[in-house]
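S.K.: After the structure tokens below, expect a handful of questions from me.
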Amino acid sequence: MDETRGPDNSNAEFDFSVLSERLMNDEDMVKEVISVFLEDTPKEIVSLRDALSLKDAEKVRNVAHSVKGAAGSIGASSLQELARQLECAGKGGDIGLADSIFSQFEKEFDRLRTILEKKINE
């Protein structure tokens with residue numbers, strides 16, 4: 001299994017085999033899906049940041065839900081988990097908690113982006 005752990009060797013995982021298996025090992029399709037994820041997710045991060053600054057818990061929940069699904073579909077389990085936590089904080093109306101999770105979420109996306117960019121440039 002091809003998996004990458006975060007710098008602290010924590011639960012920060014990315015498993016390329018999940019996406020590859022879903023796409024019947026079509027390497028071109030894997031790269032295309034990753035490219036779309038890398039194009040769309042930063043826009044979602046901006047939306048989350050805006051929702052947090054406006055203290056819009058419902059928008060936090062909705063955007064986090066979208067990112068959770070996208071992260072899960074490509075095998076980015078740690079980003080998916082952080083998005084789930086953001087979604088729950090938004091659902092509970094806890095903007096303070098969502099804001100603290102968001103910082104970790106952004107760091108995880110940056111780490112993941114580095115891994116994914118290397119993958120599509122192989």
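S.K.: Would you kindly derive the ³J(HN,Hα) couplings of the range 54-68 from the backbone phi angles with the Karplus curve 6.51 cos²θ - 1.76 cosθ + 1.60 (θ = phi - 60°), listing them in order in whole Hz, with x for Gly and Pro?
M.R.: Taking θ as phi minus 60°, the curve returns 8, 6, 9, 4, 5, 5, 4, 4, 5, 5, 4, 4, 4, 5, 4 Hz for the range 54-68.
S.K.: Checking the table LYS31/LYS59; LYS68/LYS119; LYS68/LYS118; LYS31/LYS107; LYS59/LYS119; LYS59/LYS118 against a 27 Å threshold on Cα-Cα, which pairs fail? Before the final figure, lay out each step's value.
M.R.: On the way: LYS31/LYS59 30 Å; LYS68/LYS119 21 Å; LYS68/LYS118 22 Å; LYS31/LYS107 22 Å; LYS59/LYS119 31 Å; LYS59/LYS118 32 Å.
Going by Cα-Cα distance, LYS31/LYS59; LYS59/LYS119; LYS59/LYS118 fall outside the 27 Å limit.
S.K.: What is the dipole size for the chain, taken about its Cα centre, with +1 at each Lys and Arg Cβ and -1 at each Asp and Glu Cβ, in debye to the nearest 20? Please report the intermediate quantities before stating the final value.
M.R.: Numbers: 16 positive and 25 negative charges, 86 e Å.
Computed about the Cα centre, the dipole is about 420 debye.
S.K.: Zone of ASP94 (label point 7 Å along Cα→Cβ, backbone N under 17 Å): which residues in the range 67-85?
M.R.: 81-85
S.K.: Between [x] 2, 9, 17, 18, 15, 12, 7, 5, 4, 4, 3, 2, 1, 0; [y] 2, 12, 23, 23, 17, 12, 7, 3, 1; [z] 2, 11, 24, 27, 22, 12, 3, 0, which entry matches P(r) over Cα pairs in 5 Å bins from 0, in percent as derived from the coordinates of this structure?
M.R.: The calculated read-out lines up with [y].
S.K.: What list of ³J(HN,Hα) couplings, whole Hz, do you get for the range 101-118 from phi and the Karplus terms 6.51, -1.76, 1.60, once you set θ to phi - 60° and write x for glycine and proline?
M.R.: Result, rounded to whole Hz: 5, 4, 4, 5, 4, 4, 4, 5, 5, 4, 5, 5, 4, 4, 5, 5, 4, 4.
S.K.: Estimate the FRET efficiency between MET24 and GLU117 by the formula 1/(1 + (r/R0)^6), using the beta-carbon distance for r and 35 Å for R0, to the nearest 0.05. Let's see the in-between values first.
M.R.: Details: r = 23 Å, r/R0 = 0.67.
My answer for the efficiency is 0.90.
S.K.: Say we join alpha carbon atoms closer than 10 Å with springs in a Gaussian network model of the chain; which of ARG61, ARG22, ARG111 then has the biggest fluctuation?
M.R.: ARG22
S.K.: Given the rule -39500 (n - 2.57) for each run of at least 4 DSSP H residues, summed and divided by the residues of the chain, what is its mean residue ellipticity at 222 nm, to the nearest 500 deg cm²/dmol? Don't jump to the answer; show the numbers that get you there.
M.R.: Details: 5 runs with 93 residues, N = 122.
Only helices count here, giving -26000 deg cm²/dmol.
S.K.: Give the long-range amide H neighbours of PHE14: residues separated by 5 or more places, or on another chain, with amide H under 5 Å away, using H modelled in the peptide plane at 1.01 Å from N.
M.R.: THR4
S.K.: Per-residue HN-Hα couplings for the range 84-90, Karplus 6.51 cos²θ - 1.76 cosθ + 1.60 at θ = phi - 60°, whole Hz, x for Gly and Pro?
M.R.: Couplings: 4, 5, 4, 4, 5, 5, x Hz.
The numbers here are math on the coordinates, done by the rules we state, and not lab data. Model, not experiment: these values are computed from the prediction. Glycine also receives a Cβ, built like all others from the backbone with ideal geometry; neighbour counts cover every protein chain displayed.
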